[in-house]
Amino acid sequence: MTASGSADLVIVANRLPVDRVVDTDGTLRWRRSPGGLVSALEPVMRVHQGAWIGWPGGTDEELEPFVEDGLQLVPVTLSAREVEEFYEGFSNATLWPLYHDVVAKPLFKREWWEAYKRVNQRFAERAAEVAAPGAMVWVHDYQMQLVPQMLRDLRPDLKIGFFLHIPFPPAELFNQLPWRRQVLEGLLGADIVGFHLPGGAQNFVRLVRTRVGHKTHRDLITLPDGRPVRAGAYPISIDASDFEDLARSPEVTRRAEAIRKALGNPKRVLLGVDRLDYTKGIYPRLRAYAELVADGTFDVEATVFVQVATPSRERVDEYRRMRDEIDMLVGRVNGDLGRIGRPAISYLHSSYPREEMAALYRAADIMVVTPYRDGMNLVCKEYVACRYDNDGALVLSEFAGAAHELSQAWLVNPYDINGMKAAIVEAATADPKEITRRMKAMRKTVSEHDVDRWATGFLDELDAVKPMKPPIRRR
Ligand code: GDG
């Protein structure tokens, strides 16, 4: 057992919740980073006095723990090679596609696995150093799956929770992983293993039973030493009231009007907002829309599709290829179907402040969210939170975790282009009363199940875990 620190709640995640930026005058500062995990956890960290362990971005530079905007941050350094092998390699070119239904082919490289183990060990060691005796440690996501057991080996006194932000695949896919057993054993170091959906939890429990051979009963796994591990569903959400307040602000209201004006005051604005990722189904969505313009269902004088694609993982090959494909599609569609000052698709490969996101959500009549597979998808919940006047239609993939809660959306199968076209047309021509009925129901769900409830729910359960008595040593 290593010496302990003083933090009662420790978050372990691949990234720190801030990015380093260099101002024009050369000074370094930290800025809150975009992305699902950060949007979800920042409010929780403010309530609990905690420490956050993560990679600050960049390579090789050792940074001391620091406090930024009231958050205690503990940087973990990665070498350039580790970024390549652990982050871009094993995390984003092996696990990410494998866990997302193999929508891209996962690459299995033994040296990437070695780097994954090494980096997970380093994170576990940092967590062991900063956690107070008996503290709660909440480990996040697919980059950190070995941390729970590594941390338990160092600090058996801790209460350890793990939450997976992406889908957990069925055995038929997971079993491709050459290191499947080690990953399961890594996760079993936690007291609670959380997923967005009950299906993910069931996949995990079944794999533990068949691959590792532990006893299971419903959502409970019992290890040979008697320690219980619970697998459960904890669907993540957003800070709904915060988003709504932002959407109601005069600045955002003005900006939403300005956006529509800049688009030429069209009758109808469709919107997509995604990290530029092959799981998000941007390509089939834009193709479906382009066909609707080509066949005359929509006229570029009256309707525009705004697609924001936030740059992401630009050094991973698969992401570069996908960016080229989408660039080509948008270029062709606008070249063939656009008119002067009236592109069919207004495509923005850029990242924006939150206020601008809220203004875009306000400016849109139809939000189109069509991932091939998505753990949850927060964008659609943000859109719903911003529609305080109960209008606005949502077209949502049935393969997004959010579809389980937002069943009043126009649900689509992103592999079915004709089905998507039909749903977009239905949403565009729906009776306003129907749109309001659906939006009201979705707003109720999003406001009642917000991120605070998600985090408190998980942490309350973790807090209630009874510490195991240390085993009696026989001489
Ligand atoms: C993973 C899982 C799960 C995006 N562009 C900008 C920006 N964003 C924000 C959105 C939203 C978040 O990033 C994206 O979250 P998603 O949930 O849609 O998707 P992932 O990044 O893939 O997140 C996902 C999530 O983890 C949480 O568990 O839901 O399934 O894949 O909040 O608004 N924010 C700003 N500028 C941008 O340009 N400010």
inquiry  = Contact list please: Cβ distance under 9 Å, first residue in region 246-261 and outside any helix (DSSP H, G or I), second residue of a type in the set (D, E, K, R), pairs at least six apart or on different chains.
reply    = Ser249/Glu355
request  = Return a yes/no flag: does region 337-344 have any residue that is β-branched (Val, Ile, Thr) and either buried (at least 23 other Cβ atoms within 10 Å of the Cβ) or in a helix (DSSP H, G or I) (or both).
outcome  = no
ask   = Which condition number in (1) within 16 Å of the ligand (Cβ to nearest atom); (2) at pLDDT below 95 is the one that Ile326 fails?
value = (2)
ask   = Checking Asn203 against (1) touching a residue at least 12 places away in the same chain (Cβ under 8 Å); (2) part of a loop (DSSP other than H, G, I, E, B), which test does it fail?
value = (2)
ask   = If you go through region 207-226 one residue at a time, do you hit one that is out of contact with any helix residue (DSSP H, G or I) (no Cβ under 9 Å at 6 or more places or on another chain), within 16 Å of the ligand (Cβ to nearest atom) and over 23 Å from Gly338 (Cβ atoms)?
value = no
query = Within region 30-37, is there a residue that is assigned to a helix (DSSP H, G or I), within 15 Å of the ligand (Cβ to nearest atom) and touching a strand residue (DSSP E or B) at 6+ places or on another chain (Cβ under 7 Å)?
reply = yes
remark   = Restricted to region 272-306 and to residues being within 12 Å of the ligand (Cβ to nearest atom) and assigned to a strand (DSSP E or B), the residue nearest to Leu337 (Cα to Cα) is Gly272
Subset of region 396-413 (residues that are more than 19 Å from the chain's Cα centre (by Cα) and touching a residue at least 12 places away in the same chain (Cβ under 8 Å)) = Gln408, Ala409, Trp410, Leu411, Val412, Asn413
Out of Arg332, Arg362, Arg342, Arg354, sole residue that is in contact (Cβ under 8 Å) with a residue 40 or more places away in the chain, among the charged types (D, E, K, R) and over 16 Å from Pro266 (Cα atoms) = Arg354
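The values are calculated or read from the model by the stated rules, or taken from the named source; none is laboratory data. This is a predicted model, so every value here is computed, not measured. In this analysis, Cβ positions are derived from the backbone assuming ideal geometry, glycine residues included, and neighbour counts consider all displayed protein chains.
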